[in-house]
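To start, the structure under review is shown below, and the notes come after it.
The values are calculated or read from the model by the stated rules, or taken from the named source; none is laboratory data. Quantities reported herein were computed from a predicted structural model and do not represent experimental measurements. Quick reminder, even Gly has a Cβ in these numbers, built from the backbone with ideal geometry, and neighbours come from all protein chains shown. Ligands, DNA and RNA are excluded from the accessible area calculation, which covers all protein heavy atoms including side chains. Shrake-Rupley method; radii C 1.70, N 1.55, O 1.52, S 1.80 Å.
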Amino acid sequence: MRDFLILGSSVATPFPSSSSAAPHRYPIKPSLPKLTPFSSSWNISCALQAPLSLSADSKLVEDFKVVDEDAIDSGVDTEVLAKMVLLGIQGNKVRSVVHTLNRVQDHSVSLASHLNGSSIDAIAKECCRLVMCGHIEEAVELMEVLTRFKISIRGFVQPSDVIKRCVLSRNPILAVRYACLLPHAQILFCNIISEFGKRRDLISALKAYELSKKHMNIPNMYIYRAIIDACGLCRDYMKSRYIYEDLLNQKITPNIYVFNSLMNVNAHDLSYTLNLYQNMQNLALKPDMTSYNILLKACCVAGRVDLAQDIYRELKHLESVGQLKLDVFTYSTIIKVFADARLWQMALTIKQDMISAGVSLNIVAWSSLINACAHAGLVEQAIQLFEEMLLAGCEPNTQCFNIILNACVEACQYDRAFRFFHSWKGKKMLGSFGEGCNNNTGQELVHNVTTIPNGISNSHILSFAERFPFTPTTTTYNILLKACGTDYYHAKALIKEMETVGLSPNQISWSILIDICGASANVEGAIEILKNMGDAGIKPDVIAYTTAIKVCVESKNFMQALALYEEMKSYHIRPNLITYNTLLKARSKYGSLHEVQQCLAIYQDMRKAGYKPNDCYLEELIEEWCEGVIQDNREIQGEFSSSNKSELERSQSLLLEKIAAHLLKRVADILAIDVQGLTKVEARLVVLAVLRMIKENYSLGHSINDDILIVIGATKVDENPAKRILEVQEAIIKLLRNELGLEAFPARTRLALSDTPKLKLPNLANLKVEALPAEDALPTSMGFQTRRPGILVRLKITRKSLYSWLHRK
């Protein structure tokens with residue numbers, strides 16, 4: 001074993017061993033032998049402490065031993081260090097190179113002058129290899145240490161490749177570390193934040209933003225804009241507002257571009273966008289064309305046609321005085337504002353303004369114009385605009401084609417829709433339609449044959465189909481499915497054609513197919529399709545279930561409709577408003593208590609889900625059912641008909657809730673009928689509903705065990721009952737005695753008022769005492785506060801009277 005003494009770049013001769021004849025000396029300034037890869041057992045730090053000899057065998061390299069594993073001092077030979085770095089790179093010993101260079105304490109050491117062009121290329125090639133293989137951290141560490149030794153890494157790799165892989169691995173820290181190595185780091189910071197935003201990774205984007213701010217000497221508006229745009233891509237507009245407020249708190253004034261990005265992200269909130277616009281003007285920032293376009297976009301989203309018109313007039317004025325020049329985005333946005341509001345004539349006026357200004361319409365403007373006419377039912381006008389777009393050389397997208405097809409279908413021009421569809425698909429399909437439409441697929445759907453207008457000939461369609469290829473989408477086929485009417489087999493053929501061209505039917509496709517079954521009264525087919533959706537890997541949604549329920553209701557299959565309703569709830573699919581209304585309007589008359597209970601259960605589910613039902617229809621049906629207690633199929637007396645009341649006088653939801661609260665109980669649990677807060681008509685219906693339920697259950701063997709109490713209202717002890725309470729009491733007594741022949745007696749009960757504090761003794765709370773004189777007071781020693789109680793106005797129907805009524809024919 002030999003011991004070495006390291007002194008800068010000179011190496012002392014080893015002490016001779018007993019077997020050595022003469023000492024062997026290494027040259028002071030050795031030259032590098034032919035570069036060979038490192039052996040697996042070689043340590044690069046050895047080479048830094050013992051230079052190689054020209055005549056030395058490669059085995060000598062393996063004999064190098066490290067004496068000092070601590071930091072290498074400043075006396076290291078930079079030429080040898082450079083050669084060893086190159087040798088380590090060529091030997092794929094990157095981590096060893098990084099480890100050794102990090103041990104050099106002198107940060108003023110430069111290796112750039114000791115590496116020629118081919119050496120730099122070899123290092124750059126290794127960095128590229130690491131990046132392409134996914135070893136991003138290793139590549140960044142190597143470039144970091146090379147930068148410290150004054151080696152420029154610019155051009156080693158494409159920055160976009162490194163950023164892309166850092167984004168994929170969600171490593172914003174590594175991405176920022178790499179960006180800091182390059183002179184254009186500020187630009188790369190923006191790219192990093194934007195790429196994370198495009199990946200919808202806002203957490204990483206915010207992390208990169210915070211790290212980037214640490215490397216900024218002055219505020220960088222590009223980075224602020226990038227993080228705000230990332231918030232918009234990730235649909236977190238609140239975070240963008242926090243960033244804006246943070247800038248203001250730091251006394252940083254955003255520029256016009258930051259304001260534009262912030263307005264664009266918050267365009268869905270018109271009031272906030274207008275507030276930003278006002279703040280921008282307060283800061284003496286002059287709005288540009290982009291600012292106005294975003295304002296128009298916010299008006300479009302909010303449906304504020306009036307405000308959009310005001311902005312457009314202001315823009316026209318600014319253009320007339322030469323301050324601004326309206327661009328195609330301005331015109332397209334204002335056209336879309338009018339189109340969404342179905343103001344097709346005003347939209348066409350903007351089109352003329354564009355032509356007069358020499359601005360060519362883009363695809364957004366054309367599609368908005370076509371859509372506006374289509375929604376207005378102007379099929380011919382929509383088709384004419386479509387032809388103008390094609391003649392103008394504007395390539396239509398699939399949405400334009402779908403708008404034309406949908407316009408034809410909505411106008412019941414089914415045959416024309418299929419003619420256009422097959423013509424656009426290509427020359428081969430067009431030929432058969434051009435020869436009298438002998439194609440079977442088209443002929444099966446001729447519900448309303450309409451010829452193609454003179455403005456669009458078959459030759460025109462052929463030339464356009466060749467110039468602008470049409471690729472149908474799932475939406476396209478869904479539109480055509482609507483044109484099938486009741487032809488279930490043709491709809492199935494379209495579904496099969498979708499799968500042939502590589503498209504998968506979605507939930508809307510299956511829902512339309514279910515609806516087609518309903519049009520042909522094919523309930524079994526509709527249920528079968530609903531089951532087949534799961535087999536196709538598509539979970540039925542609320543639309544599919546609602547469509548199937550509608551099919552069952554239209555076919556008078558109420559039990560199947562209710563079974564589907566329960567099934568969708570068991571799958572945690574929340575019914576929507578249409579689902580509830582379809583079920584509640586399923587019957588035109590209730591025959592049994594069970595049917596009413598089912599209806600009321602659905603009604604309560606609807607209220608709990610937050611929907612506001614229209615109670616008129618349901619109340620009339622229940623009213624008819626309740627009055628059936630007196631006489632089936634008799635005409636309800638006008639005085640007691642709830643339909644005579646105006647909407648403002650009705651408390652429909654309260655009435656139905658009262659009925660539901662009673663009818664959904666067991667008969668044995670009904671000891672009192674609560675009609676507090678109801679009018680005399682509504683109280684009559686609640687009493688009749690409970691009596692009918694008792695009657696139907698008695699016929700099934702359920703007996704009456706106690707008297708029935710009817711709670712009418714409450715009043716104070718020293719006051720007479722309110723007029724409304726007396727009217728309700730009189731109406732119910734007349735109903736029970738005169739119409740039903742029941743015995744009913746007034747029964748007042750003293751009770752503590754609702755606002756009286758609880759008693760100190762819990763078991764004595766809400767103590768009820770029958771027929772106590774008004775002047776008697778409860779003893780204060782029991783813990784009551786000294787307040788006079790109220791009187792509960794009630795009626796009592798005796799059990800004997802109920803039995804007599806139930807046995808009466």
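Across the stretch 496-527, the number of residues qualifying as buried (at least 21 other Cβ atoms within 10 Å of the Cβ) and more than 25 Å from Ala561 (Cβ to Cβ) comes to 1. Residue count for the stretch 559-604 under the criterion of being at pLDDT 85 or above and either open to solvent by less than 40 Å² (accessible area, probe 1.4 Å) or more than 22 Å from Leu654 (Cβ to Cβ) (or both): the result is 23.
Which ones in the stretch 665-681 are in contact with a helix residue (DSSP H, G or I) (Cβ under 6 Å, 6 or more places away or on another chain) and either at pLDDT 70 or above or farther than 22 Å from Asp707 by Cβ (or both)?
Ile673, Val675, Lys680, Val681
You will find that of Glu696, Glu739, Glu719, the residue that is among the charged types (D, E, K, R), modelled with pLDDT under 80 and more than 16 Å from Val793 (Cα to Cα) is Glu696 and no other. For the stretch 239-259, filtering for residues that are among the aliphatic types (A, V, I, L, M), more than 15 Å from Asn275 (Cα to Cα) and part of a helix (DSSP H, G or I) leaves 2. Of the set (1) open to solvent by less than 20 Å² (accessible area, probe 1.4 Å); (2) outside any helix (DSSP H, G or I); (3) of a type in the set (A, V, I, L, M), all apply to Leu324 but (1). Of everything listed in (1) within 15 Å of Val85 (Cα to Cα); (2) of a type in the set (Val, Ile, Thr); (3) assigned to a helix (DSSP H, G or I), the single unmet condition for Ile163 is (1). Name the residue that is farthest from Ser110 (Cα to Cα), counting only residues in the stretch 136-191 that are modelled with pLDDT under 90 and among the basic types (Lys, Arg). If we take residues in the stretch 136-191 being modelled with pLDDT under 90 and among the basic types (Lys, Arg), then Arg154 is farthest from Ser110 (Cα to Cα).
Within the stretch 546-573, residues that are under 13 Å from Arg587 (Cβ atoms) sit with their Cβ atoms under 7 Å from residues that are of a type outside the set (A, V, I, L, M, F, W, C) and buried (at least 17 other Cβ atoms within 10 Å of the Cβ), at 6+ positions apart or across chains, in these pairs: Cys552/Gln560; Val553/Thr582; Glu554/Gly518; Phe558/Arg587; Leu562/Gln598. The condition of being closer than 16 Å to Gln158 by Cα and not in a helix (DSSP H, G or I) holds for only one of Leu181, Leu188, Leu174, that being Leu181. The set of residues from the stretch 332-356 being more than 10 Å from Cys300 (Cβ to Cβ), assigned to a helix (DSSP H, G or I) and of a type in the set (D, E, K, R) comprises Lys351, Asp353. Criterion applied to Leu87, Leu81, Leu101 was being assigned to a helix (DSSP H, G or I), of a type outside the set (Val, Ile, Thr) and over 18 Å from Glu141 (Cβ atoms), and the one residue passing it is Leu87. Against the test of being modelled with pLDDT of 90 or more, in a helix (DSSP H, G or I) and either out of contact with any Phe, Trp or Tyr (no Cβ under 7 Å at 6 or more places or on another chain) or surrounded by fewer than 17 Cβ atoms within 10 Å (Cβ to Cβ) (or both), the options Asn293, Asn275 yield a single qualifying residue, Asn275. Pairing each residue of the stretch 288-303 that is in contact (Cβ under 8 Å) with a residue 12 or more places away in the chain with any residue that is part of a helix (DSSP H, G or I) and basic (Lys, Arg), provided the two are 6+ apart or on different chains, yields C-beta distances under 7 Å for Cys300/Lys336. In the stretch 255-282, the residues that are farther than 11 Å from Ser240 by Cβ reach residues that are open to solvent by less than 40 Å² (accessible area, probe 1.4 Å) and polar (S, T, N, Q) with C-beta atoms within less than 6 angstrom, at least six apart or across chains, in these pairs: Asn260/Ser291; Ala267/Thr273; Thr273/Asn266. Close contacts from the stretch 504-519, counting a first residue that is farther than 16 Å from Lys550 by Cα and a second that is crowded, with 24+ Cβ neighbours inside 10 Å and among the charged types (D, E, K, R), with Cβ to Cβ under 8 Å and a gap of 6+ residues or different chains, come to none at all.
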